[in-house]
Amino acid sequence: MHTGRSGVEITPREGLLAWCRPGFEGELAAELGRDAAREGRIGHVRARRGDGLALFLLDPSSCPPGSADRPWTRPIFARGIRRLRTELRALDPTDRLSPVLEALETLRPPHGWSGLVVEHPDSDAGKPLAPLARGFGRVVEAALARRGWLQRDGVQAAPVLHLALLATDHLLLAESCAGEPPWPGGIPRLRLLREAPSRSALKLEEALLVLLRPEERQGWLQPGMQAADLGAAPGGWSWVLARHHLDVTAVDNGPMAASALATGLIRHLRADGFTFRPQRPLDWMVCDMVEQPARVAARIATWLREGWCRQTIFNLKLPMKKRLEEVDRCLGILQDRSGRALDLRARQLYHDREEITVFARPSAS
Ligand SMILES: C[S@@+](CC[C@H](N)C(=O)[O-])C[C@H]1O[C@@H](n2cnc3c(N)ncnc32)[C@H](O)[C@@H]1O
């Protein structure tokens, strides 16, 4: 640490900043700690319940030169993950800009940053920082532009600069990790359309954005493809698939919303999602049944083993205390019982509450 010209504490950091849903810092911290151990990274986790984030602070001596920027973990419970560079404390509210520019001077990439994102925690303490983050973001952006530290055209491969405001006098400087969307706090701004049958529609929309690459979304969501939606009522997920022009069998004993049925692409089947099986293989099976997660995982594994669907997106509800252990157990069930190697991608999405969303598909190899 050194004290900057304005008396601010400026501490170079190497490690990760990960955003999460407030209340899930313990799960995130545990994932960061165990992934670091697996990758031989020495350091420690800093996390406090309710803060909506966790930091992994690398011991600089354990970090081979040039390796810090390579992604070595993508935790399930992280909404967004950044490469941490500097911590600034004791900021003077009358001049936050000078120490930030002082710190950035040493971090500046040769061609400048390709963008700037200002973010703050999604916590009770963090949400009131939104107006300050917006205002300060404009000030920093103008200062970076004046110095030529921001690319105008964004053509050179360069990281996005992330400025994380943790309190009015405390912020972190970080950079984007490859493949991470630049959404502030890892939160995509999705709008719920009036005709959406439920807010859950946003969950599947976010899952398609976060868990699939653009070319996968394009190739795997084609008009005329066939899907089943287990636990479909009132129909948000089915409606999202229908908007991609898929034909959907919506399995649920509960009623479907009129707006879902009005798409003309959704057939409602009153049946048990645990016994339903398609007559011929489908492109997709999605599942949002409120059930014990291990039971859901076992059923999904059956679908994959029997080849009843090419790929699946499903939710695992986690109302229990040991949530990470339960996730590990369920993903283990999925791997073991599907009888094949899987491409598995799991994430607690912004629109997920006490649950995670998983994409699974037999891996190409
Ligand atoms: C969270 S809601 C699904 C919301 C839906 N994904 C949407 O977007 O509107 C859970 C649904 O699972 C259904 N469900 C629970 N157990 C089921 C089962 N064994 N078979 C079929 N549906 C089931 C419930 O009836 C309920 O409608």
- [ ] Provide the per-residue ³J(HN,Hα) series for region 291-300, in order, calculated from phi with Karplus coefficients 6.51, -1.76, 1.60 and θ = phi - 60°, each as a whole number of Hz, with x at glycine and proline positions.
- [x] 7, 4, x, 5, 5, 4, 4, 5, 5, 4
Task: Heavy atoms of Met320 accessible to a 1.4 Å probe, total area in Å² rounded to 10 - done: 60
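Work through the residues other than Trp19 whose Cβ is under 9 Å from its Cβ and net out their charges, Lys, Arg +1 and Asp, Glu -1.
Value of the local net charge: +1.
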Open item on the list: Using amide H atoms built in the peptide plane, which far-off residues or other-chain residues are under 5 Å from Gly15 H to H?
Closed with: Leu58, Leu84
- [ ] Quick one: compute the contact order of region 23-181, relative version, from alpha carbon pairs under 8 angstrom and 6+ residues apart, as a percent.
- [x] 26
- [ ] Amide H neighbours of Ala228 under 5 Å, at least 5 residues apart or on other chains, H built in the peptide plane: list them.
- [x] Thr249, Trp284, Met285, Val286
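How big is the equivalent ellipsoid of the chain along its three axes, where each semi-axis is √(5λ) from the Cα gyration tensor, reported in whole Å from largest to smallest? Write down the numbers at each step before the final one.
Details: eigenvalues 339, 96, 68 Å².
Gyration-tensor ellipsoid for the chain: 41, 22, 18 Å.
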Open item on the list: Give me a comma-separated list of calculated 3J(HN,Hα) values for region 193-200, in order, Karplus coefficients 6.51, -1.76, 1.60 applied at θ = phi - 60°, integers in Hz, x for any Gly or Pro.
Closed with: 6, 4, 7, 5, x, 7, 5, 4
TODO: Please compute the net charge surrounding Leu53, taking Lys and Arg as +1 and Asp and Glu as -1 over other residues with Cβ under 12 Å from its Cβ.
DONE: +2
Open item on the list: Over the chain, with a Gaussian network built from C-alpha contacts below 10 Å, which listed residue (Gly179, Gly339, Gly52) shows the highest mean-square fluctuation?
Closed with: Gly179
TODO: At a 1.4 Å probe radius, which order do Glu215, Glu355, Glu205, Glu195 fall into by accessible area, largest first?
DONE: Glu215, Glu195, Glu205, Glu355
TODO: Could you compute the FRET efficiency for Thr302 and Ala37, with r as their C-beta to C-beta distance and R0 at 25 Å, rounded to 0.05?
DONE: 0.15
Open item on the list: Can you say what percent of the DSSP beta bridges in the chain, counting only those with both residues inside, are antiparallel? Round to 5.
Closed with: 65
Task: For region 169-180, Karplus couplings with θ = phi - 60° (6.51, -1.76, 1.60), whole Hz, Gly/Pro x - done: 10, 9, 9, 10, 9, 8, 10, 5, 9, 4, x, 8
- [ ] Apply 1/(1 + (r/R0)^6) to the Cβ-Cβ distance of Arg89 and Arg353, taking R0 = 35 Å, and write down the FRET efficiency to the nearest 0.05.
- [x] 0.60
Task: Global form of region 200-362, assessed from the alpha-carbon gyration tensor, a/c cut-off 1.5 - done: rounded
Open item on the list: Explain nothing, just the number: dipole magnitude of the chain about its Cα centre with +1 on each Lys and Arg Cβ and -1 on each Asp and Glu Cβ, in debye rounded to the nearest 20.
Closed with: 420
Task: Near-label residues of region 350-365 by backbone N, under 17 Å of a point 7 Å along Cα→Cβ of Gln218 - done: none
Open item on the list: If you take every DSSP beta bridge fully contained in region 200-362, what fraction is antiparallel? Give it as a percent rounded to 5.
Closed with: 40
- [ ] For the chain, set up a Gaussian network in which alpha carbons nearer than 10 Å are linked by springs, and say which option among Arg191, Arg46, Arg337 fluctuates the most.
- [x] Arg191
Task: Residue-averaged 222 nm ellipticity for the chain, from DSSP H runs of 4+ at -39500 (n - 2.57), nearest 500 - done: -9000 deg cm²/dmol
- [ ] Show the residues, 5+ positions off or on another chain, whose built amide H is closer than 5 Å to the amide H of Gly80.
- [x] Trp19
TODO: May I ask you to list the residues of region 78-94 whose amide nitrogen lies under 19 Å from a point 7 Å from Cα along the Cα→beta-carbon direction of Glu9?
DONE: 84-94
Task: Tensor-based shape of region 204-264 (alpha-carbon gyration tensor, a/c under 1.5 rounded, otherwise prolate or oblate) - done: prolate
TODO: Would you calculate the separation in nanometres between label points at Arg280 and His245, each defined as 7 Å from the Cα along the Cα-to-beta-carbon direction?
DONE: 2.0
Open item on the list: Based only on Cα atoms, what mean projected area does the convex hull of region 1-142 have, in nm²?
Closed with: 9.0
- [ ] With springs only between Cα atoms under 10 Å apart, run a GNM on the chain and tell me which of Lys322, Lys203, Lys127 wobbles the most.
- [x] Lys322
Open item on the list: For region 270-338, I need the span (max minus min coordinate) of the C-alpha atoms along each principal axis, in Å, sorted largest to smallest.
Closed with: 39, 27, 16
- [ ] Mind giving me the nanometre distance, one decimal, between the label points for Leu193 and His44, set 7 Å out from Cα along Cα→Cβ?
- [x] 5.1
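The values are calculated or read from the model by the stated rules, or taken from the named source; none is laboratory data. As the structure is a prediction and not an experimental result, all values here were calculated from the model. FYI the Cβ positions are ideal-geometry reconstructions off the backbone, even for glycines, and counts take in every protein chain you see. Please note that ligands, DNA and RNA were not included when accessible areas were found on the heavy atoms of the full protein model with its side chains. Shrake-Rupley method; radii C 1.70, N 1.55, O 1.52, S 1.80 Å.
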